[in-house]
Amino acid sequence: MLTQEQLAARTGLNVRTIRRLEHQSWHRPRMVSLSLLAKALQLDSMEEARLIAAARAAGEPAEAAAGESLTPTAIPRQLPLGPATFVGRDDALSALDAALDEGEPAARFAPRVVVIVGCAGVGKTALAMHWAHQVVDRFPDGQLYVDLRGFEASEEPLEPSMVIRGFLQAFGVASRSIPLDPDAQAALLRSTMHGKRLLILLDNARGAAQVRPLLPGAGPCLVIVTSRNQLSGLVVAGARPVVLDPLPDEDARLLLAQQLGAARVEADPLAVDEIAALCSGLPLALTIVAARASIHQSFGLDALAAELRATNERLDALSGEDAFADVRAVFSWSYRTLSDDAACLFRLLGVHPAKDIGLPAAASLSGLPIRRTRALMAELRRAHLVSEPAPGRYLQHDLVRAYAAELVETQESGSERQNLERRVIGHYVHTGLAASRHLTRLPQSAVQIDPLPEGVAPQPIAGYEEAMEWFRDEHRTLLALVAQAIDNGHDSLVSQIACVLADYFDRSGHWLDWAITEWSALEAARRTGDLATEARALHMLARANAKLGAHEEACELCLPAIDIYHRLGDPLGEATVHRTFTYPAARLGKYAEALEHGWRALKLYRAVGHEEGVGSSLNAVGWAYAMLGDHKRALFYCTNALDRLRRTDERRQQAATWDSLGHIHLMLGHADEAAHCYVQSANLYRALGDHYGNAIALSRLGDVHHVDNDPRAAAKVWRQALAALEELAHPDAEEVRRKLDGLSWDAGPTPSGMA
């Protein structure tokens, strides 16, 4: 038999209450009998019999009593005031309308439940309130509302039993008639709501377990739940999820206009645009700025924008006396619900230089296995502190990132932060180096890469396509790392990242990013006096300028790079720059110089036995001969080049050589052979994701069709080429446009075989 103390521990009641339940008739009629209490505690039959006997001896009923206190006598109208301003959210409002109009047959068997989820401050409650007030007349039996306090710092989340008591009392059920047992309470609430048209708004839920006891059992009720967590348990059970993202720029500006007044917004539209961008579409942040501007009419909107622009002060600018109007405080309420490991990972994300991060990079940052990191990121996702726009790819709202950066700044020492930064750098540089090796077989000048920190693992890269995909995913992050390295004075890091990005920039057409990055690397190399890195940066800057159409500058940059490599005794580096020189020289019509540098490159490549380099140089020599009008000699060298390159996996140089052969055959009058060569070139460039090379090959294929008197076929491929070149904003688009416009286009060949 349980003692009074054991029974108190099992029920959560104090000993004095247990004693009264056993021996006194102090409270009648009581909704939960001692029999039911014993069953809930899974007591043995003797204990149950003893409790029942005690109840009868006290003169109270052993089972739940019925009476006037069970009959609901009130219609609750609990919806709080809706938001004063509201913009956008058309898709979310449509989803709520659809839930309302699902139809009576479905509603008879199960309540309709909508779960509105999103990060802190994104406007979940505002959406729910705004919509609820629009449809309140559809629920004549009442509206219930409760703030479940799932994320408040000052209070614990409300227990379902407390909410149930409040709802029952709102229906007019007397307090003394409400059962003590939580399950019995929930059953009574379901009975009370049965058959009623009720709108139930459960705001700020921590989790599904807090919500389930509050749901109707059946009938035409509609339940709206808001939460920063995903509440996947409710969704699996049939709830309709509505995920809120930050407002788009247009709606963010409209919200500011509603709160500040159209005149003030129209007076400084640039500042309004900047405020909207710096608040990243978060309604709470926009509202705080608007309130600050309204209270301080003398503050210019440009000054408020400048205040937000200062990254270290942005959260200060979005704070207020009321915790509910303080972005930092609101984020902290989500943060404090995390497990210790998830909270630690969230802080570490504050070191990452970009808003998105892949799972392997997060694992390297944390030093944890991939599987454990995935579980922690899932916890952050459920708390809407990150989103997952693609599997294994996580995104943080700008203001959430700022909060994470504050946490890591205040909770990690300076040396620990530097260690975390080294982990991030090590992951990206070593993964990038492995990826870049899949993009070219031509030699690259060596840059000293720092060793991997302990526990950091580069992401495995299987081949060319996977390498290009990785670079596309990490493009912004790598540029952010360069900017971070420049700010922190880490010159060697600037050169390392520039090295791993070069071939990706070339193939993807991000030539301006390439030029800017290489210029930063050149300045860094000169500050440190690293001649080898200076030569590499000069060479890459020359290649980027050539692709941007700055051919004079490209030639000028090649010459000092050649000189440095020669002084350093680096024949591979010297050969590669000679090979690069041929491209801008030919574009400038300096065919003799192009031929001379092609021969020098060929001689140096042969001396060191570099097969891909030999093949590439043979193509450069052949192209120069073609430009000088010696097409038979050009055909010999380019055919030899293609044979050599086919024995390697250097597909980009094969594509360039096919392009050269297409021009040579066209000049020799072999239209069919020329068309075949250009098709081969275009297909290879397309497979490699080289949009510029593909566009130029298509442009020249159109030339073949034009010569062959097939204007329709010519126009088709010229349009494809023009679209690609315009997408790249490349000056060669003008030449293709002239062809399509029927203007003179035979103004001399434009070399492209110099990839």
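The values are calculated or read from the model by the stated rules, or taken from the named source; none is laboratory data. The shown structure was predicted, so the numbers you read here are calculated from the model rather than taken from an experiment. We place every Cβ from the backbone using ideal geometry, glycine too, and count neighbours over all the protein chains shown. Ligands, DNA and RNA are excluded from the accessible area calculation, which covers all protein heavy atoms including side chains. Shrake-Rupley method; radii C 1.70, N 1.55, O 1.52, S 1.80 Å.
Of the solvent-accessible surface of the stretch 139-291, computed with a 1.4 Å probe and all protein chains present, 54% belongs to carbon and sulfur. Legend: P(r) of the stretch 204-318 from all alpha carbon pair distances, 5 Å bins from 0, whole percents, reading 2, 10, 19, 17, 10, 8, 10, 10, 8, 5, 2, 0.
Shown in residue order for the stretch 729-741 are the 3J(HN,Hα) couplings computed by the Karplus curve 6.51 cos²θ - 1.76 cosθ + 1.60 at θ = phi - 60°: 6, 9, x, 5, 4, 5, 5, 5, 5, 5, 4, 5, 6 Hz (x for Gly and Pro). Residues ARG567, ARG382, ARG165, ordered by accessible area of protein heavy atoms at a 1.4 angstrom probe radius and largest first, appear as ARG567, ARG382, ARG165.
A simple packing score, the average count of other Cβ atoms within 10 Å per residue, orders the peptides 659-670, 227-238, 702-713, 358-369 as 659-670, 358-369, 227-238, 702-713, with the highest score first.
Per residue, the accessible area of the stretch 501-544 comes to 31 Å² when a 1.4 Å probe rolls over the protein heavy atoms. With an a/c value of 1.5 or above and a/b not larger than b/c for the gyration tensor axes a ≥ b ≥ c computed over the alpha-carbon atoms, the stretch 447-546 is described as oblate. Rounded to whole numbers, the Karplus 3J(HN,Hα) couplings from phi for the stretch 714-727 are 4, 4, 4, 6, 5, 5, 4, 5, 4, 4, 5, 5, 5, 4 Hz, using 6.51 cos²θ - 1.76 cosθ + 1.60 with θ = phi - 60°, and x at Gly and Pro. Roughly how many whole Å is it from the C-alpha centroid of the stretch 385-414 to that of the stretch 76-103? Their Cα centres are 31 Å away from one another. Taking ILE275, ILE75 and ordering them by how much accessible surface each has at a 1.4 Å probe, largest first, produces ILE75, ILE275. Classify the stretch 172-251 as rounded, prolate or oblate from the Cα gyration tensor: take a ≥ b ≥ c as the square roots of its eigenvalues, call it rounded if a/c is under 1.5, otherwise prolate when a/b beats b/c and oblate if not. Taking the square roots of the gyration eigenvalues as a ≥ b ≥ c, the stretch 172-251 is prolate. Shown in residue order for the stretch 525-540 are the 3J(HN,Hα) couplings computed by the Karplus curve 6.51 cos²θ - 1.76 cosθ + 1.60 at θ = phi - 60°: 5, 5, 5, 8, x, 8, 5, 4, 5, 4, 5, 4, 5, 4, 5, 5 Hz (x for Gly and Pro). Report relative contact order for the stretch 666-748 in percent, whole number only (criteria: Cα-Cα under 8 Å, sequence separation at least 6). Over the stretch 666-748, the number comes to 22 percent. Only protein heavy atoms count here; on that basis, with a 1.4 Å probe, GLU673 has an accessible area of about 90 Å².
Percent of accessible area on the stretch 410-486 owned by carbon and sulfur, 1.4 Å probe? It is 48 percent, rounded to a whole number.
Taking every eigenvalue of the Cα gyration tensor of the stretch 121-279, multiplying by 5 and rooting it, what semi-axes result, largest first, whole Å?
Listed largest to smallest, the semi-axes of the stretch 121-279 are 37, 17, 14 Å.
Highest mean first, the peptides 413-424, 592-603, 135-146, 690-701 sorted by other C-beta atoms within 10 Å per residue fall in the order 690-701, 592-603, 135-146, 413-424. A probe of 1.4 angstrom, applied to the heavy atoms of all protein chains, finds TRP131 with accessible area near 10 square angstrom. Between the alpha-carbon centers of the stretch 160-238 and the stretch 259-292, tell me the distance in whole angstrom. Each part's Cα centre sits 38 Å from the other's.
Hydrodynamic radius of the stretch 230-287 by the Kirkwood approach over all distinct alpha-carbon pairs: 12.9 Å. State whether the stretch 385-479 is rounded, prolate or oblate according to the following rule on the C-alpha gyration tensor (a ≥ b ≥ c being the square roots of its eigenvalues): a/c under 1.5 gives rounded; otherwise a/b larger than b/c gives prolate, and the remaining case gives oblate. Cα axes put the stretch 385-479 in the oblate bin.
Per atom type, the stretch 604-755 shows carbon and sulfur on 48% of its accessible surface, probed at 1.4 Å. For the stretch 634-682, the per residue solvent-accessible surface stands at 38 Å², with DNA, RNA and ligands left out and a 1.4 Å probe.
Could you give the accessible area per residue of the stretch 692-733, probe 1.4 Å, as a whole number in Å²? List each step's numbers first, then the result.
Details: 1960 Å² over 42 residues.
That works out to 47 Å² per residue.
Across the stretch 666-706, the mean sequence separation of Cα contacts (distance under 8 Å, 6 or more residues apart), normalised by length, yields a relative contact order of 43 percent.
Near the amide H of VAL113, within less than 5 Å, lie the amide hydrogens of VAL223, ARG240, all on another chain or at least 5 residues away, with H placed in the peptide plane. Judged by the mean number of other Cβ atoms found within 10 Å, the most tightly packed of the peptides 455-464, 500-509 leads the ranking 500-509, 455-464. Accessible area per residue (1.4 Å probe, heavy atoms of protein chains only) ranks PHE636, PHE171 as PHE636, PHE171, with the largest value leading.
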